[in-house]
Amino acid sequence: MNNPCLSCGACCAHYRVSFYWREAENNVIRAELTVAVTPHRLAMRGTERTTPRCDALLGTIGECVSCAIYTARPSPCHGVMPSWHAGDADAHCDRARAAWGLPVLQPTGPDAAPATADLSQVA
Ligand code: SF4
Ligand code: SF4
């Protein structure tokens with residue numbers, strides 16, 4: 001089934017992805033992929049920038065992407081779902097796609113009802 005995330009990646013280059021520091025230890029996220037943003041919180045490196053893009057994002061946004069640490073990705077990455085994955089629009093997904101000039105996903109049509117959320121098929 002078509003997974004729109006694999007030809008998108010917009011949310012990985014729109015939001016700051018920050019999380020409690022211990023997640024990086026528990027998930028075994030390489031230190032060079034994170035940056036401290038407060039004494040107790042890390043962010044995925046690159047997402048803290050004015051023009052964010054996660055350093056773990058591989059590929060070209062809007063064309064073909066994957067997450068280099070998909071199985072270890074931190075909790076915020078689990079929170080954004082492609083719109084209509086669960087029957088409703090996802091505001092974070094819609095906002096990120098719009099910011100990248102991509103059309104928001106529709107409840108019907110070739111981009112609808114993905115089997116899984118986000119970048120599950122690592123290249
Ligand atoms: S959740 Fe939405 S914005 Fe994020 S990669 Fe998937 S389709 Fe793109
Ligand atoms: S899903 Fe992967 S590439 Fe996207 S923000 Fe999370 S860690 Fe980065």
**OP:** For P82, state whether it is over 14 Å from S18 (Cβ atoms), assigned to a loop (DSSP other than H, G, I, E, B) and touching a residue at least 60 places away in the same chain (Cβ under 8 Å).
**Re:** yes
**OP:** Sort through H92, H40, H85 and tell me the only one that's in contact with a helix residue (DSSP H, G or I) (Cβ under 7 Å, 6 or more places away or on another chain), open to solvent by 60 Å² or more (accessible area, probe 1.4 Å) and more than 10 Å from ligand 2 (Cβ to nearest atom).
**Re:** H92
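Could you tell me whether E32 is open to solvent by 40 Å² or more (accessible area, probe 1.4 Å), acidic (D, E) and touching an Asp or Glu at 6+ places or on another chain (Cβ under 9 Å)? It would help to see each step written out before you state the result.
Numbers: open to solvent by 40 Å² or more (accessible area, probe 1.4 Å): yes; acidic (D, E): yes; touching an Asp or Glu at 6+ places or on another chain (Cβ under 9 Å): yes.
Here the answer is yes, as E32 does meet what is asked.
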Original post:
L119 is checked against (1) in contact with a helix residue (DSSP H, G or I) (Cβ under 6 Å, 6 or more places away or on another chain); (2) open to solvent by 30 Å² or more (accessible area, probe 1.4 Å); (3) at pLDDT below 95; (4) near ligand 1 (Cβ under 9 Å from one of its atoms) and fails just one. What number does that condition carry?
Top reply: (2)
Subject >> Residues (of a type in the set (S, T, Y) and either within 16 Å of ligand 1 (Cβ to nearest atom) or more than 16 Å from Y15 (Cα to Cα) (or both)) located in region 30-48 >> reply: T38, T47
Subject >> Lone qualifier among E25, E32 - being at pLDDT 95 or above and acidic (D, E) >> reply: E32
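How many residues does region 91-107 contain that are of a type outside the set (G, A, S) and over 13 Å from the mean Cα position of the chain (by Cα)? Steps first, please.
Taking region 91-107 first, the residues of a type outside the set (G, A, S) are 92-95, 97, 100, 102-107.
Right, trim to over 13 Å from the mean Cα position of the chain (by Cα) and you get 100, 102-107.
Residues in region 91-107 being of a type outside the set (G, A, S) and over 13 Å from the mean Cα position of the chain (by Cα): 7 in total.
If you take the residues in region 66-104 that are of a type in the set (D, E, K, R) and closer than 10 Å to C11 by Cα, which one is nearest to ligand 1 (Cβ to nearest atom)? Break it down stepwise before answering.
Let us first name the residues in region 66-104 that are of a type in the set (D, E, K, R), namely 73, 88, 90, 94-95, 97.
From what's left, closer than 10 Å to C11 by Cα: 94-95, 97.
Values: D94: 8, R95: 8, R97: 5 Å.
The residue in question is R97.
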**OP:** Answer yes or no: is there a residue in region 39-57 that is of a type in the set (S, T, Y), touching a strand residue (DSSP E or B) at 6+ places or on another chain (Cβ under 8 Å) and under 27 Å from A89 (Cβ atoms).
**Re:** yes
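The values are calculated or read from the model by the stated rules, or taken from the named source; none is laboratory data. All values derive from a computational prediction rather than experimental measurement. Note: ideal-geometry Cβ built from the backbone for every residue, glycine included; neighbour counts use all protein chains shown. For accessibility, only protein heavy atoms count, side chains too; no ligands or nucleic acids. Shrake-Rupley method; radii C 1.70, N 1.55, O 1.52, S 1.80 Å.
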